[in-house]
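Undergrad: One structure follows; several queries about it will come next.
Read-outs: derived from the displayed coordinates by stated rules, not from any lab. Bear in mind the structure is a predicted one, so any value in this text is a computation, not a measurement. We place every Cβ from the backbone using ideal geometry, glycine too, and count neighbours over all the protein chains shown.
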Amino acid sequence: MKKVTYSTCEMCTGRCSVMIETENNVVKHVWGNPHVHGGQWLCARGAAAKAMLYDTERPQHPMIRDGERGSGRWRKATWDEAITYITDRLKGIQDTYGAKSIVLSDRGGPMTEFERAFIAAIGSPNYFNHHATCSNSVHNAHMLFAGHARNTVDYDYPNTKYMLLFGRNIYQSLKSWEGKLVADMQANGGKMVCIDVRWNYTAAKSDEFYIIRPGTDYALALALINYIIRENLYDVEFVNRWTVGFEELKKFVLPYTLEFAEKETGIPARIMRKIANEASDAKPHVIFHPGWMTAWFQTDYYLRRAIYTLNALMGSYEAEGGIYMNKKPDECGLKIKSLLAQVPKPKEERFDGVGTKFPHLSDQWGVAQMLPHVINSGDPYPVKAYIVMRHDPLASLPDPEFQKQALNKLDLLVAVDVNYSETAWFSDVILPESTFMERTDHVYVRSGSGLKPHYTLIKKAIDPIYDTKGRGEIFKLLGEKMGVGQYFFYETTEDLVNWQLEGTGYNIDSFDATGVLEPSKEQIWYDRKEKLKFNTPSKKIEIISSKLTEFGMPSFIPYETPEKPEEGSFRLITSKTAVHTQGRTTMNNPLLHEIMHENELWINTKEAKKLGIKTGDWVEVSVEDVKEKIKAKVVDYIHPEAVFMYHGFADTVPVRTRSFKSSTASDVRLQKGLLKAPIGGNCPLTECIVKVRPLS
Ligand SMILES: Nc1nc2c(c(=O)[nH]1)N[C@H]1C(S)=C(S)[C@@H](COP(=O)(O)OP(=O)(O)OC[C@H]3O[C@@H](n4cnc5c(=O)[nH]c(N)nc54)[C@H](O)[C@@H]3O)O[C@H]1N2
Ligand SMILES: Nc1nc2c(c(=O)[nH]1)N[C@H]1C(S)=C(S)[C@@H](COP(=O)(O)OP(=O)(O)OC[C@H]3O[C@@H](n4cnc5c(=O)[nH]c(N)nc54)[C@H](O)[C@@H]3O)O[C@H]1N2
Ligand code: SF4
Ligand SMILES: [Mo]
């Protein structure tokens, strides 16, 4: 019988709403959900979900290591054996060292209640997630600037009149729903300006594209602020009503003229003047998009504060076409229960320095790159077990060899994954999770729909085809054996969903109509004059942050010119391709692998000529003793100081035969020594200077 199930795509963490078409327990196709975002599009990866489901090269049953770590020798286990193996060891660690010596990381986001409930229930404060290599510094900066997480605000793209992207590759590093809204903005006449160190799909689709010298965006932002203030191009009423620290800002930015920024960035002063004037003419329907990936520079925290300041100067907060605050369905009277909220939050000191060494960083996301260092040093205390859930640190954090040496000292390493990730392959136990088509998770609020907030979920379309389980069941089994079964009180996750919805008049079947529960048919906007919700101590945007002052930290720092690589050396830039997700999720997907299975090193035409390199030539890219071999792609539109490669094309797991065979250069191996935590909490991935030489 044919059936349609509404659910959420998990081929990346964009959380697009999908419609899964099935017949007799077989997935026929995955489509976008026509009822959300004016009709959801799927990207190539979403459309390749079925190929992942029926791929035999994913773990099909629990596995326990039967040789050295990483040796690839495994024995097949039953769920009971695997769960008992894990919990016996966890209990031993809990008794000897305390629960805090058990840490857990995941991919973050709103669909993480099971694992977070588990780690808190056993008494460990040590939940963290992948954001140290993603948007940690953006998040942390915005928390003390406006009292909002990076993702408790979003962008009203369709009504935007002017958007400047600071390195946000919005049409290629996709969230499909977001790409569609940006396309709507362009169709509605909104102007898009892209600032990047290299050409990409977004540059191709922008009205204007400027190449910037890597690492100099802060000079651009400070000069724009200075010019906008001097020329009275800002929203005086908004700034007076909703910000503190404007006078200090005005003084601080004085030295940063457009001419100064031109020397630093390579972008002509007349262009910056044009940007400032056009943005001001369009205000408040303006977005200075902070993006993420300049997060990988050491001083990014302060760049973020500067970019958000530009938005405050434009009065963009809670303005049509600007940055809005995500609303929650409970603000429209539809409140549901949360599993995580039932569990007391452990109060002990965290392993990663949040709250102690890093008083200004938020414990919501933690600082992942500290883990290998803490395992090695035992400071502030020993870490003995690591549960890694839908996260692949060996593929996504720098220096996998250094990480492996540290992880090898653990008493227990457990991976919960749908794939043989690099970390799963190095672990002691693999717990194979069912794919999003085969499981039901808890209800969550989709961010990015915050003007008309809605609840949705991952809902099972077919029974698991292998001996896998969903996260709700996995953490229930672990919780019960650890003696905290009271927090995992549901029989099935479908029951849990019904418990969450108790008293609302809805139940799990209510998602069958459109896939979402949307309590308000109208968009919700806060009153910009009186009711903006900035969760800072002053309840305003803190250009001078009272918290930073309290921690003895400045609210601005002077701009410093980034290091210029010497002749034959370049700054290594990495990012995403439209057809793959991050490091390993889709590299071995039979369909996506066919479309793209190889990486190349983009190098500027003039620099390539100096080194005698042509497109297609093999080159060596190196950092100290790490030497990677890759084919060159000579391009005009990349800054001469930079070389670029797509992330994630170096598979070391032999059972993923397709991507293993076609494996090319590894960016994370080249990012040697970069497991550091600068001020914003992000790994400084872009502080990577590589040597390039031709091989023939
Ligand atoms: N050099 C370099 N490093 C980078 C980046 C880069 O561009 N260059 N990008 C960075 C960014 S922005 C990020 S967000 C991180 C991401 O880093 P990660 O979070 O580690 O990467 P993902 O590929 O999203 O997913 C991690 C794991 O989740 C698994 N997975 C997928 N679906 C499911 C599921 O349904 N259940 C379970 N249990 N597991 C699942 C995948 O198989 C994969 O092993 O990488 C960062 N690292
Ligand atoms: N297809 C696909 N889509 C994805 C993902 C995926 O893996 N695949 N991952 C998702 C995730 S987790 C994330 S975080 C987002 C990331 O989305 P984005 O934030 O757009 O991240 P990236 O594509 O890594 O980097 C954006 C751009 O920053 C540029 N850049 C590097 N250095 C500088 C600099 O100094 N200045 C400026 N101005 N630009 C610079 C890079 O050239 C790159 O084009 O994408 C999401 N969407
Ligand atoms: S962007 Fe693509 S892979 Fe990511 S959730 Fe949306 S459809 Fe799925
Ligand atoms: Mo990310």
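Undergrad: Give me Rg over Rh for region 280-362, both radii from the alpha carbons and Rh done the Kirkwood way, two decimal places.
TA: In region 280-362, Rg relative to Rh is 1.10.
Undergrad: Okay, next question. Can you give me the long-range amide H partners of I573? Hydrogens built in the peptide plane at 1.01 Å from N, cutoff under 5 Å, separation of 5 or more residues or another chain.
TA: Result for I573 returns V643, F644, M645.
Undergrad: If I model a spin label as a point 7 Å beyond the Cα along the Cα-Cβ vector, how far apart are those points for Y466 and Q342 in nm?
TA: Using points 7 Å along Cα→Cβ, the separation is 3.1 nm.
Undergrad: Given a Förster radius of 41 Å and the C-beta distance between E620 and I271 as r, what FRET efficiency does 1/(1 + (r/R0)^6) yield to the nearest 0.05? Mind dumping the intermediate values first?
TA: Values: r = 37 Å, r/R0 = 0.90.
Calculated value: 0.65.
Undergrad: Which ³J(HN,Hα) values in Hz, rounded to whole numbers, follow from the phi angles of region 163-175 under the Karplus curve 6.51 cos²θ - 1.76 cosθ + 1.60, where θ = phi - 60° and Gly and Pro get x?
TA: Using θ = phi - 60°, the values come out as 9, 10, 9, 7, x, 9, 8, 5, 9, 10, 7, 8, 10 Hz.
Undergrad: Sorting E248, E113, E607 on the 10 Å Cβ count, fewest up front, what's the list?
TA: Neighbour counts put them in this order, fewest first: E248, E607, E113.
Undergrad: Determine the calculated [θ] at 222 nm for the chain from helices alone, applying -39500 (n - 2.57) to every DSSP H run no shorter than 4 residues and normalising by the residue count; nearest 500 deg cm²/dmol.
TA: Roughly -8000 deg cm²/dmol at 222 nm, from the helical runs in the chain.
Undergrad: If you take the C-alpha gyration tensor of region 481-617, multiply each eigenvalue by 5 and take the square root, what semi-axes do you get, largest first, in whole Å? Working shown, then result.
TA: Working: eigenvalues 431, 228, 75 Å².
Taking √(5λ) for each eigenvalue gives 46, 34, 19 Å, largest first.
Undergrad: Hey, if you put +1 on the Cβ of every Lys and Arg and -1 on every Asp and Glu Cβ in region 362-478, which of V445, N376, V418 ends up farthest toward the positive end of that dipole?
TA: Of the candidates, V445 comes out farthest on the positive side.
Undergrad: Among rounded, prolate and oblate, which fits region 339-446 when a ≥ b ≥ c are the square roots of the eigenvalues of its C-alpha gyration tensor, a/c under 1.5 means rounded, and a/b larger than b/c means prolate? Kindly include the intermediate steps, with their values, before the conclusion.
TA: Values: a/c = 1.94, a/b = 1.12, b/c = 1.73.
Oblate shape, in that a/c is at least 1.5 and b/c is the bigger or equal ratio.
Undergrad: Please work out the Cα center distance from region 316-365 to region 93-166, rounded to the nearest Å.
TA: Cα centroid of region 316-365 versus Cα centroid of region 93-166: 8 Å apart.
Undergrad: Binning at 5 Å from 0, report for region 142-254 what percent of all alpha-carbon pair distances ends up in each bin.
TA: Whole-percent P(r) values from 0 Å outward: 2, 10, 15, 18, 21, 19, 11, 4, 0.
Undergrad: So what's the net charge close to N240: Lys and Arg +1, Asp and Glu -1, counting the other residues with Cβ under 12 Å from its Cβ?
TA: Spelling it out: positives minus negatives among the neighbours equals 0.
Undergrad: Using only Cα atoms, figure out Rg for the chain and give it as a multiple of 2.2 N^0.38 Å.
TA: Normalised Cα radius of gyration, the chain: 0.93.
Undergrad: Taking the Cα centroid of region 545-559 and of region 628-696, what is the distance between the two, rounded to the nearest whole Å?
TA: Region 545-559 and region 628-696 have Cα centres spaced 34 Å from each other.
Undergrad: In addition: Only bridges whose two residues both fall in region 569-694 count here: according to DSSP, what percent of them are antiparallel, nearest 5?
TA: Antiparallel: roughly 60 percent of the beta bridges in region 569-694.
Undergrad: Let me check I have the definition right: for region 1-128, take the eigenvalues of the Cα gyration tensor, multiply each by 5, take square roots. What are those semi-axes in whole Å, largest first? Don't skip to the answer; put the middle values down first.
TA: On the way: eigenvalues 252, 88, 34 Å².
Largest first, region 1-128 gives 35, 21, 13 Å.
Undergrad: May I ask you to compute the full-extension gain from E231 to K529, defined as 0.36 nm times their residue separation minus their alpha-carbon distance, rounded to one decimal in nm?
TA: Stretched out fully, the E231 to K529 stretch lengthens by 104.9 nm.
Undergrad: Find out how many positive minus negative residues lie around S447, taking Lys and Arg as positive, Asp and Glu as negative, among other residues whose Cβ is under 12 Å from that of S447.
TA: Its environment carries a net charge of +4.
Undergrad: Right, another one. Normalised by the number of residues in the chain, what is the relative contact order in percent for Cα pairs under 8 Å and 6+ residues apart?
TA: Relative CO of the chain lands at 20 percent.
Undergrad: Sticking to Cα atoms, compute the Rg of region 569-694 to one decimal and its Dmax as the biggest Cα-Cα distance, whole number, in Å.
TA: Answer for region 569-694, Rg first and Dmax second: 14.7, 41 Å.
Undergrad: Another question about this same structure. What nm distance separates the two modelled labels at T84 and S510, each placed 7 Å from Cα along Cα→Cβ?
TA: Distance between the two pseudo-spin positions: 4.2 nm.
Undergrad: Next question. Which order do the peptides 115-125, 456-466 take when ranked by the mean count of other beta-carbon atoms within 10 Å per residue, highest first?
TA: 115-125, 456-466
Undergrad: List residues of region 374-403, by number, whose backbone nitrogen lies under 16 Å from a label position 7 Å along Cα→C-beta of K676.
TA: Zone members listed by number: 398-399.
Undergrad: Less than 14 Å Cβ to Cβ from S696, Lys/Arg counted +1 and Asp/Glu -1: what total charge do the surrounding residues give?
TA: +2
Undergrad: Return the distance in nm (one decimal) between the two label points of a simple spin-label model at R75 and L695, each offset 7 Å from Cα along Cα→Cβ.
TA: Spacing of the two 7 Å Cα→Cβ label points: 4.1 nm.
Undergrad: Kindly provide the Kirkwood hydrodynamic radius of region 226-290 in Å, to one decimal, from all pairs of distinct alpha carbon atoms. Spell out each step's value before the answer.
TA: Details: mean 1/r = 0.0775 Å⁻¹.
Result for region 226-290, one decimal place: 12.9 Å.
Undergrad: Can I ask one more? Compute the Cα gyration tensor for region 136-327, then decide on rounded, prolate or oblate, letting a ≥ b ≥ c be the square roots of its eigenvalues: rounded whenever a/c is under 1.5, prolate when a/b is larger than b/c in the other cases, and oblate in all that remain.
TA: It comes out rounded by the Cα gyration axes.
Undergrad: Also: Evaluate the charge dipole of region 603-671 about its Cα centre and quote only its size in Debye, nearest 20, assuming +1 on the Cβ of each Lys and Arg and -1 on the Cβ of each Asp and Glu.
TA: Using only the charged Cβ atoms, the result is roughly 340 debye.
Undergrad: Quick one: order M272, M163, M111 by neighbouring beta-carbon count within 10 Å, fewest to most.
TA: Going from sparsest to densest Cβ surroundings: M272, M111, M163.
Undergrad: Please give the Cα centre distance for region 9-68 versus region 452-477, rounded to the nearest Å.
TA: The distance from the Cα centre of region 9-68 to that of region 452-477 comes to 12 Å.
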